[in-house]
């Protein structure tokens, strides 16, 4: 028996030739398809079939199936056989070519995996028929006689396989139905992701999908940038800095809803943890600065639509306190790089007050392809990872009972039932009350929505531990906690009292112990993922720090679409070159984190530009700065005279 031809490669799904004008398939639909007729596909008919399929606007994989069918027809035609079975199967192949091509005519290149599998199954069957036909061609007359009965059985078997494959393809995997469904889903997805361009956004307050953004003013070629963090100043400069080809973490901002309030947002810098703030005590009232988050109106911003392009929206960014707009141009004409705020002119916003948002994926890996999960139309799309707080000594979990109560007594206890335990999410904050060096801290928050449905863990009046809805005050020093890694767990110190969170026994209320009790296991706590039950050795704010995949946990299912249509701000996706720069910065930070956790009984706290870990019985603080801070510090132009930025009166 002659050697079988090698199996062709898998059918192509990734490349599409240039589209040429369509040719109706009806030109060939009248070709003979009955096995009762002679095999009448002449050379001219074969050429016509090739031309039609080549010109057809269809999927590359369908053209590949068609090419196999044509080879079958050519091979059988070259045999000049009188065997009815072989002629029947070749004509059936021709019918299937036309049926599949009909169904896929005008299809989009991107098809789903199940459809791809079914087309692949059909292709494999047609490949087997082609190999069989080519084998018959290569035989001598003696072998044809010798294998006559076996060939007859093979023809029947292949015919059955071909019929079965096409029935599966046709019934289970109807191409036309699937493509129609996919088209409908694509249209719905597009309506969710981007507001219809026909809807006017001018002067409308827009919803913004929470996420990581570069805030860019096209007219001035500037981006909003935070000043560098100082250990002796609580406030930082805010700049409208010229943007080149180098991305800095100081230019990346997390936009998220302020305490769950609709269409009011906090704009927080990922490098420093500070937020854009209108501080009324500035000498120059037209300047904006960065301050530690406290949730006030002067740290809340609205995005107002002003104009659209085909792909993105332009907006103004308006203070919820003063109603002034962020402005990328110095009003005094000094050419300084400070970020300013100005009233909107009666004629409408100026070009220096119009901004676009460039979105970065939150989970960025330098080794994986970049992808953009589509923003949810709920606008509240951040994965605020929740943890159970477990005491090491007793194994009990912290539960806040009576969250809706207005009582002022202790209401946080230890329970052995993890299903009863309260899920907490962590919010990074900074103390700026004492007048000393600002210190990083965290609030343990629970609940979702506005502050009336949220609470933070409170050392109430330095008397007892409580958590009550409405008492959501991460900026209050009694609600601030300083986590300290200790032997694979965390010691949690209250900022106001300096005492340590303690779980004396299951069933008892949480208490506080003196700072000298750090070695007591009743003062040791671990974080347990509320969804998976896995212990997490890293304490961090999930709305500020991007974790490596192995420490990030499993995100919850996507939220249900909003029942009320929202007018969403359309944003641009960051180009790959900028994504790679961010990924490289994260790679360095993550490598330090992994090294810190690569020992037994390790734990770490992640803060802006700092990792705090436990190793060999000691606390280690590792500063993580962008290279530019140490090698070539960025110089931005300020004003020597604070009054210089003011416009002439």
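Side notes on the structure shown:
- Residue identified as under 30 Å from residue 451 (Cβ atoms) and either in a strand (DSSP E or B) or modelled with pLDDT of 90 or more (or both) among 305, 295: 305
- Considering (1) over 31 Å from the mean Cα position of the chain (by Cα); (2) over 30 Å from residue 472 (Cβ atoms); (3) not in a loop (DSSP other than H, G, I, E, B), the lone condition that residue 341 does not fulfil carries the number (2).
- Against the test of being within 24 Å of residue 264 (Cα to Cα) and in a loop (DSSP other than H, G, I, E, B), the options 468, 506 yield a single qualifying residue, 468.
- Hey, residue 419 assigned by TED's automatic domain parsing to the domain that holds residue 491 and more than 27 Å from residue 486 (Cβ to Cβ) or not: yes
- Number of the exception - residue 297 against (1) in contact with a strand residue (DSSP E or B) (Cβ under 7 Å, 6 or more places away or on another chain); (2) more than 25 Å from residue 637 (Cβ to Cβ): (1)
- Unmet requirement for residue 570, which otherwise passes all of (1) surrounded by fewer than 20 Cβ atoms within 10 Å (Cβ to Cβ); (2) not assigned by TED's automatic domain parsing to the domain that holds residue 542: (1)
- The condition of being in contact with a helix residue (DSSP H, G or I) (Cβ under 8 Å, 6 or more places away or on another chain), under 18 Å from residue 412 (Cβ atoms) and crowded, with 22+ Cβ neighbours inside 10 Å holds for only one of 479, 459, that being 459.
- Residue match in region 286-294 (condition: assigned by TED's automatic domain parsing to the domain that holds residue 258, under 15 Å from residue 567 (Cα atoms) and in contact with a helix residue (DSSP H, G or I) (Cβ under 9 Å, 6 or more places away or on another chain)): no
The values are calculated or read from the model by the stated rules, or taken from the named source; none is laboratory data. No experiment lies behind these values; they were computed from the predicted model shown. Positions of Cβ are backbone-derived with ideal geometry, glycine not excepted, and every protein chain shown enters the neighbour counts.
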